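In what follows, a structure is listed as structure tokens, so that the remarks can point back to it.
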Amino acid sequence: MEPRRADGGPLIAQVRNHIADRWCDADSGRTQENRNPADLTEVVSHSAESGATDVQAAVEAARSGSAAWQALGPVRRGEIVMRAARLVGERRQEFAETITREQGKLLREALGEVDRTVALLEYTAGEGRRLGGATLPADDPRTVALTRRDPIGVVGLITPWNFPLAIPAWKVAPALLSGCPAILKPSPLTPQTAALLVECFVAAGAVGGVLNLVHGGREVGEALVKDPAVAGISFTGSVEVGRAIHTAGAPRFLRTQLEMGGKNAALVLADADLDQAADAIVSGAFGQAGQRCSATSRVVVDRTVHDALVSRLTERAAALRVGGGMDPEARLGPVVSAERLQACLAGVRQATAEGAVVATGGQRLTDGLPEGYFMAPTVLDGVRSDSHIAQEEIFGPVLSVIECDGLDDGLRIVNSVRYGMAAAIFTRDTSLALAALDRVEAGMLHVNRPGVGAYPHMPHVGVKESQYGPAECSLQVWDFYTQWRTACISY
Ligand code: NAD
């Protein structure tokens, strides 16, 4: 990647592919322009628009680097991941500003993403000294029976735009550490952040063709999924694309790890501390402009406290200052693209047609703002649990409020969607909270706190259509990148 300064204009990065240890243009020579979602007059980057031949070259490079990378062993590979962690940390501000300019999130949210990424990389690096199997008793005398984890081979890593650093990092690090050469295909909306991450890994020692970066859209993803030399695909994105990947790979038993969407609920019971609940829900719903797979997008509230909660939510949401990510006063940034903005507006239109009432927001904001994709923080009241907005991911700053009658009815509504990523429960009664935890159909549960947030050593996991295959982060991730083998050694 060679940044250059246009005449008097902002820094425009030329974001290139990285194949076989070289930064290069797409075979076709085509590029895609990316603009700042908070200011559409600002061109942020031109990135390679790659196709199937670029993927072929990257897979070939990964294959040829495989043996030497495996021979290095997990301890040395862990040291490389640790060096990458340090390099990312040293470039914290540059990473955060890049994320904010190309994705739109607030600078402080972007700084948080960088810090979380460093923690993830450090955690993963440490596993280089622990990755292994077990020694087991054998039936035969003078025999050692053991299990071992071996890398599955070349992997394709397909990522979305909403965590343009953390998600690529939490795939690249375990792939490389376990011995799998990788091809990263980031979202075409956030190519520059991915390129900076690859720069750090390369500088840390991930060389010999083991880390490749191919920019582009669906065509690149499909070529990776189709390539018989790719042993596994780790994907984060929408359910629809996840299903397409799984279906395309099934005939050749392609191993997949699919982290998909959510329609996450906060269940507020009658005895909840409503101020605490409202603060947590507003943070979970409007942080990162609602563009998190775990973002709270439904509030299921006991009828007896409905009015008191909605007035708190509405007041807090309406008070959020909307602005560009570099504005230190802003509390809600833009959504990432015109498509996202249209999806939010269409969702609100359909919801009101189905009987919902706009308590606050509901429209695009332009007054006093640069030309960008700014959506007003939106609370919809009187939402029916079977309506489109209550069932489908909107992925923006739009929160739906649904009434319920007590715990059982609340849980029925919470569980009435095809997704199962995250959920939050608000109550002062621990036994109610534990009873609810038993029955909530979601992978990541929170009580009396925002329904978002994760730790590197905890599985990032959903149930139902939110997830397929081993979880990411934590020790579970090795079940994707490695395969078990056994050995019996007589002496
Ligand atoms: P998306 O599904 O549109 O795209 C994700 C990636 O897949 C992109 O790199 C895209 O170019 C690529 N792609 C598109 N079509 C493809 C195909 N046919 N074959 C292979 N690759 C293809 O998702 P998005 O809009 O980038 O991200 C938003 C989605 O990601 C939301 O649904 C959100 O919930 C989900 N998400 C999930 C998690 C999680 O951990 N579960 C985390 C973040 C985001």
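All of the numbers you see were taken from the coordinates with simple rules; none came from a lab. If you're wondering where the values come from, they're calculated on a predicted model, not measured in any experiment. Positions of Cβ are generated from backbone atoms using ideal geometry, with glycine treated the same way; all protein chains shown enter the neighbour counts.
Along the Cα-to-C-beta direction of Asp479, a point sits 7 Å from the Cα; which residues of the range 446-465 have their amide N less than 15 Å from that point? The answer is 458-464, whose backbone nitrogens lie closer than 15 Å to the label point. Rounded if a/c is under 1.5, else prolate if a/b beats b/c, else oblate: with a ≥ b ≥ c from the C-alpha gyration tensor eigenvalues square-rooted, which is the range 222-339? Judged from the Cα gyration tensor, the range 222-339 comes out oblate (a/c at least 1.5, b/c at or above a/b). Between amide H atoms placed 1.01 Å from N, distances below 5 Å from Arg331 occur with Arg321, Val322, Gly323, all of them 5 or more places distant or on a separate chain.
Quick check on the exposure proxy: order Arg16, Arg22, Arg384 from fewest to most C-beta atoms within 10 angstrom.
Least to most surrounded, the residues fall as Arg22, Arg384, Arg16.
Converting phi to 3J(HN,Hα) with the Karplus coefficients 6.51, -1.76 and 1.60 and the offset θ = phi - 60°, the range 109-114 yields 5, 5, 4, x, 5, 5 Hz in sequence order, with x at every glycine or proline. For the range 319-402, the dipole from Cβ point charges (+1 on Lys and Arg, -1 on Asp and Glu) about the Cα centre works out to 80 debye, to the nearest 20. A crude spin-label estimate for the pair Glu33 and Asp367, with each label 7 Å from Cα along the Cβ direction, gives 3.1 nm.
Quick one: work out the % antiparallel among DSSP beta bridges in the chain, nearest 5.
Once the DSSP bridges in the chain are tallied, antiparallel ones form about 40 percent.
Each peptide in 227-240, 302-315 gets a packing score, the mean of other Cβ atoms within 10 Å over its residues, and the list from highest to lowest is 227-240, 302-315. With neighbour counts taken as other beta-carbon atoms within 10 Å, the residues Trp484, Trp170 rank, fewest first, as Trp484, Trp170.
When only the Cβ of Lys, Arg, Asp and Glu is charged (+1, +1, -1, -1), the dipole of the chain relative to its Cα centre reaches about 1220 debye. The simple spin-label model puts a point 7 Å past each Cα toward its Cβ; for Lys226 and Asn448 those points are separated by 5.5 nm. Taking packing as the residue-averaged number of other Cβ atoms within 10 angstrom, the listed peptides 149-157, 267-275 run from highest to lowest as 149-157, 267-275. With R₀ set to 30 Å, the beta-carbon distance separating Asp409 from Ala318 gives a calculated FRET efficiency near 0.55. According to the Kirkwood expression over distinct Cα-Cα pairs, how big is the hydrodynamic radius of the chain, in Å? Across the chain, the inverse of the average 1/r is 23.3 Å. Counted by neighbouring Cβ atoms within 10 Å, the residues Lys226, Lys263 run from fewest to most as Lys226, Lys263. Taking packing as the residue-averaged number of other Cβ atoms within 10 angstrom, the listed peptides 356-362, 141-147 run from highest to lowest as 356-362, 141-147.
Here the translational diffusion coefficient of the range 301-422 follows from Stokes-Einstein with Rh set to the Kirkwood radius across Cα pairs; for 20 °C and 1.002 mPa s it amounts to 140 µm²/s.
Counting Lys +1, Arg +1, Asp -1, Glu -1, what net charge surrounds Trp170 among other residues with beta carbon under 13 Å of its beta carbon?
On the way: positive: Arg116, Lys171; negative: Glu113, Glu122, Glu127, Glu259, Glu472.
Overall, the nearby charge balance is -3.
If the chain linking Gln342 and Thr304 were pulled fully straight, counting 0.36 nm for each residue of separation and taking away their Cα-Cα distance, it would gain 10.2 nm.
Between the listed residues Phe374, Ala285, Ile389, the Cα displaced farthest toward the positive end of the dipole of the range 264-453, a dipole computed from Cβ unit charges relative to the Cα centre, is found at Phe374.
Each residue of the range 131-141 is assigned a 3J(HN,Hα), and the resulting list reads 5, x, x, 10, 9, 10, x, 10, 5, 7, x Hz, derived from the Karplus form 6.51 cos²θ - 1.76 cosθ + 1.60 (θ = phi - 60°), x at Gly and Pro. Here the label points at Glu219 and Ala250, each 7 Å from Cα along the C-beta direction, are separated by 2.8 nm in the simple model. Between Asp150 and Asp386, the contour length at 0.36 nm per residue exceeds the Cα-Cα span by 80.4 nm. For a paramagnetic label modelled on Ala52 (point 7 Å from Cα along Cα→Cβ), amide N atoms under 16 Å away belong, within the range 208-224, to 217-224. Multiplying the residue separation of Ala119 and Asp273 by 0.36 nm and subtracting their alpha-carbon distance yields 52.2 nm.
Using only helices, what value at 222 nm comes out for the chain when you add -39,500 (n - 2.57) per DSSP H run of length 4 or more and divide by the total residues, to the nearest 500 deg cm²/dmol?
Values: 14 runs with 187 residues, N = 491.
So the calculated ellipticity at 222 nm is -12000 deg cm²/dmol.
Couplings 3J(HN,Hα) for the range 389-397, derived from phi with the Karplus relation 6.51 cos²θ - 1.76 cosθ + 1.60 (θ = phi - 60°), are 5, 7, 9, 10, 5, 9, 6, x, x Hz, where x marks Gly and Pro. Annotation: amide H-H contacts under 5 Å for Cys24 (H modelled 1.01 Å from N, sequence separation of 5 or more, or interchain): Asn17, His18, Ile19.
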